[in-house]
Amino acid sequence: MTPVTVDQGDSPIVLGLPHTGTFVPDTVAANLNDNGRKLADTDWHIDRLYEGLLDGATIVRANFHRYVIDANRDPQETSLYPGQNTTTLVPLTDFDGRDIWETPPTAAEIDARRHAFHAPYHAAMQAELDRLRARHGVAILYDCHSIRSRIPYLFDGTLPDFNIGTNMGATCAARIETATTGICEAAIAYSTTLNGRFRGGWTTRHYGKPDKGIHAIQMELAQSTYLTNQAPPWTYDNTKAAVLRPLLTKILTNLAALAPTLGGKS
């Protein structure tokens, strides 16, 4: 299994899929406990949800599971949300705070996974953003995520449907943030927040450098918007998805249309 799959397109839009992969090497799986082997914290079916929404979009997809190593965490293990419950570069618990390992990985094992999985994913991401910036003068990374809408260990209450993250406006031009938020807020069947519990993971924060011609925005969807139930077997709900997909298409289409107005790289 290759660590990353890239589908190249000619649009200035890159879709990042860091958490849809379910591959776990046998040597890693052997050290997971029964809870860990459920792989419950997957961004279930996000690749299917976004498939075919924007002609010409480039897709960078991690094939490995986040329990192997999390492609959306700082490789130097700096916390994204200091003082709050979160998971680490190689998670030790699931999103409910429960252990996932019979034998937790050693520092050497984490370092090996960093080189074997995390680094190739981000090398591919950087290459695609550079390629499209060279072609268009600008590239926009739209990082695709989903999560259960109720996880008391991570946040209080029920998560909004659309959770937009730009690290308080630092990772993209204001027009990108405004356009995305406006489309979501106009969809009265859904709830929306900007830079709430999720302000953008390491991917968004690392690549989002508007002054260098690369803009990044994260969309964290509540899984209730497109799954039948937010529990095993994590069934994709075609009826829900049929309502949601046109809104996501509108977002991506608007971002692609904005790209030529954002100016070239410095």
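The values are calculated or read from the model by the stated rules, or taken from the named source; none is laboratory data. Owing to the predicted nature of the structure, the values given are computational and were not obtained by experimental measurement. Note that each Cβ is placed from the backbone with ideal geometry, even for glycine, and that neighbours are counted across all protein chains shown.
Data for the structure
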{"item": "Residue match in the range 58-70 (condition: acidic (D, E) and either modelled with pLDDT under 95 or loosely packed, with under 13 Cβ neighbours inside 10 Å (or both))", "result": "no"}
{"item": "All positions within the range 130-167 that are of a type in the set (D, E) and not in a strand (DSSP E or B)", "result": "D130, D156, D161"}
{"item": "Those strands (runs of 3 or more DSSP E) lying entirely in the range 1-115 with at least 1 residues farther than 30 Å from T239 by Cβ and among the aliphatic types (A, V, I, L, M)", "result": "4-7"}
{"item": "The one condition in (1) β-branched (V, I, T); (2) touching a strand residue (DSSP E or B) at 6+ places or on another chain (Cβ under 8 Å); (3) under 27 Å from R37 (Cα atoms) that T193 fails to fulfil", "result": "(3)"}
{"item": "Residue list for the range 168-187, filter: in contact (Cβ under 8 Å) with a residue 60 or more places away in the chain, surrounded by 15 or more Cβ atoms within 10 Å (Cβ to Cβ) and assigned to a helix (DSSP H, G or I)", "result": "I176, A179, T180, I183, C184"}
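For (1) small (G, A, S); (2) at pLDDT 95 or above; (3) closer than 25 Å to G56 by Cα, each residue gets a yes or a no:
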{"residue": "F162", "(1), (2), (3)": "no, yes, yes"}
{"residue": "G165", "(1), (2), (3)": "yes, yes, yes"}
{"residue": "R197", "(1), (2), (3)": "no, no, no"}
{"residue": "A216", "(1), (2), (3)": "yes, yes, yes"}
{"residue": "L221", "(1), (2), (3)": "no, yes, yes"}
{"residue": "W234", "(1), (2), (3)": "no, yes, no"}
{"residue": "L247", "(1), (2), (3)": "no, yes, yes"}
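Condition check ((1) without any contact (Cβ under 8 Å) to a residue 60 or more places away in the chain; (2) more than 26 Å from I176 (Cβ to Cβ)) across all residues:
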residue	(1), (2)
P91	yes, yes
D99	no, yes
E109	yes, yes
F117	no, yes
E128	no, no
R135	no, no
V138	no, no
Y142	no, no
R148	no, yes
